[in-house]
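**Student:** After the structure tokens below, expect a handful of questions from me.
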Amino acid sequence: MIRFGKLLAAVASTAVLLAGGDALAFGNMSGQGGGSEGAKAPASTEPIQVEKAKGKNAYTVSELYEKSGTLDKKSVSVRGKVVKVSKGIMGKNWVHLRDGSGDTGKGTNNVVVTSQEDPKVGDVVTARGTLYKDKDFGAGYQYAVILEEGTFKP
């Protein structure tokens, strides 16, 4: 019985991540995942324009997607506006960043950064992390690009 409880807790945590981190709304998962960015951040109601990060290994959000083949498992930095944070899922926070680059229709305008840190929605930050290409969390939820073990600076 204890094993079943642990399994149920793991499934529920994953469901929260996939549902966007807001609630255990299993019916709210339609149209999410299986795409290039896993659980999607909310649609942007205002234009976002953030200056590209400076320094070595700095990229725009769209460049991360374009160059993901050569950047896989490498340390990168990206500057963007925090548009969504899903906290404490699978032991980490899931932070969605946008900088105004990329294509909304193709899902290349948003990058997710996993981290122990907790930036606030609306903050403009520079994130540094290890880029992973085609990261699969199971159940059809795959990220074409994700930064893991991220850190943030204003």
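**Student:** Just for segment 56-101: of the residues that are polar (S, T, N, Q) and assigned to a strand (DSSP E or B), which one is surrounded by the fewest Cβ atoms within 10 Å (Cβ to Cβ)?
**Tutor:** Ser75
**Student:** Further question: Quickly run through segment 65-83 and pick out the residues that are more than 18 Å from Thr126 (Cβ to Cβ) and in contact with a Lys or Arg (Cβ under 7 Å, 6 or more places away or on another chain).
**Tutor:** Matches in segment 65-83: Ser68, Gly69, Asp72.
**Student:** Filter segment 124-154 for residues that are among the hydrophobic types (A, V, I, L, M, F, W, C) and either at positive phi or out of contact with any Gly (no Cβ under 9 Å at 6 or more places or on another chain) (or both); which is surrounded by the most Cβ atoms within 10 Å (Cβ to Cβ)? Quick ask: steps written out before the conclusion?
**Tutor:** Just the residues of segment 124-154 that are among the hydrophobic types (A, V, I, L, M, F, W, C), to begin with: 124-125, 127, 131, 137, 139, 144-147, 152.
Those still in the list that are either at positive phi or out of contact with any Gly (no Cβ under 9 Å at 6 or more places or on another chain) (or both) too: 131, 139, 145, 152.
On the way: Leu131: 24, Ala139: 13, Val145: 26, Phe152: 18.
Per the stated criteria, the residue is Val145.
**Student:** Take the residues in segment 104-154 that are hydroxyl-bearing (Ser, Thr, Tyr) and in a loop (DSSP other than H, G, I, E, B); name whichever of them is nearest to Gly91 (Cα to Cα). I'd like the intermediate steps shown before the answer.
**Tutor:** Start the filter on segment 104-154 by keeping residues that are hydroxyl-bearing (Ser, Thr, Tyr), which leaves 104, 108, 114-115, 126, 130, 132, 141, 143, 151.
When the remaining residues are screened for being in a loop (DSSP other than H, G, I, E, B), the result is 104, 108, 141.
Working: Thr104: 29, Thr108: 26, Tyr141: 17 Å.
Among those that are hydroxyl-bearing (Ser, Thr, Tyr) and in a loop (DSSP other than H, G, I, E, B), it is Tyr141.
**Student:** Out of (1) crowded, with 21+ Cβ neighbours inside 10 Å; (2) more than 12 Å from the chain's Cα centre (by Cα), what's the single condition that is false for Glu117?
**Tutor:** The single condition Glu117 does not satisfy is (1).
A short reminder: the numbers here are calculations on the coordinates, not readings from a lab. For clarity, every value in this text was computed on a predicted model and none was experimentally measured. Ideal geometry is used to build each Cβ from the backbone, glycine not excepted, and the neighbour counts take in all protein chains shown.
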